[in-house]
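Scroll down for the structure; my scribbles are underneath it.
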Amino acid sequence: MKINLSTKVNQDYISVKNGFDETLFTKLSPPFPPVKLLRFDGSEIGDLVSLELSFLLFKQQWTSKITENSMTPKEYYFIDIGIVLPFFLKKWRHKHRIINLENHAEIRDEVEFSGPFGLATLFLYPLIYLQFLYRKPIYKKVFS
């Protein structure tokens, strides 16, 4: 399943790229499930980001590895792939794109995911979509 969301912000793409740090990552975490950041290396190839998701009666770990990044005069992007996923995910790939639009930028979240079986993937779609929709006003505020 794929989700693509775009947000235009009022900073140049280099400033936005530089703002993709641990502080932003923490702000982007939605209220549920509560997330504890265990590790944040950055967005360079080989870097890891590890989280602990707290559900009511149990916790799940989620670790992603940065497998690709690139910077050109037109855009910057990096891709994280889930290597340790919570039970409800079988596959996770997230491409973070920051596109140069002269004096401002566009942030695109391009997500590919699947659950452990087809029906779970369909059920997850609106939940994951809402998690990324939650980011739009945060991007606009942080990069205003």
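Full extension of the segment from Leu5 to Glu52, taken as 0.36 nm per residue of separation minus the current Cα-Cα distance, would add 14.5 nm.
The GluC sites (Glu not before Pro) found in region 42-71 that occupy coil by DSSP, while having at most 14 further C-beta atoms within 10 Å, are Glu44. Taking the inverse of the mean 1/r over every pair of distinct Cα atoms in region 1-117 gives a Kirkwood hydrodynamic radius of 15.0 Å. Please determine, in degrees from 0 to 90 and to the nearest 10, the orientation of helix 118-133 with respect to the longest principal axis defined by the Cα atoms of the chain, where the helix direction is its Cα long axis. That works out to roughly 40 degrees. With a cut-off of 12 Å between beta carbons, the residues surrounding Lys91 carry a summed charge of +2, where Lys and Arg count +1 and Asp and Glu -1. Summarised in one figure, the compactness ratio Rg/Rh of region 4-44, Cα atoms and Kirkwood Rh, is 1.01.
Quick one: net charge around Ser114, please, counting Lys, Arg +1 and Asp, Glu -1 for every other residue with C-beta under 14 Å from its C-beta. Write down the numbers at each step before the final one.
On the way: positive: Lys2, Lys90, Lys91, Arg93; negative: Glu112.
Charge balance in the 14 Å sphere: +3.
Quick note: the coordinates plus some simple rules give every number you see, no bench work behind them. Computed from a predicted structure; not experimentally measured. Methodologically, a virtual Cβ is constructed for each residue, glycine included, from the backbone with ideal geometry; neighbour enumeration extends over all protein chains shown.
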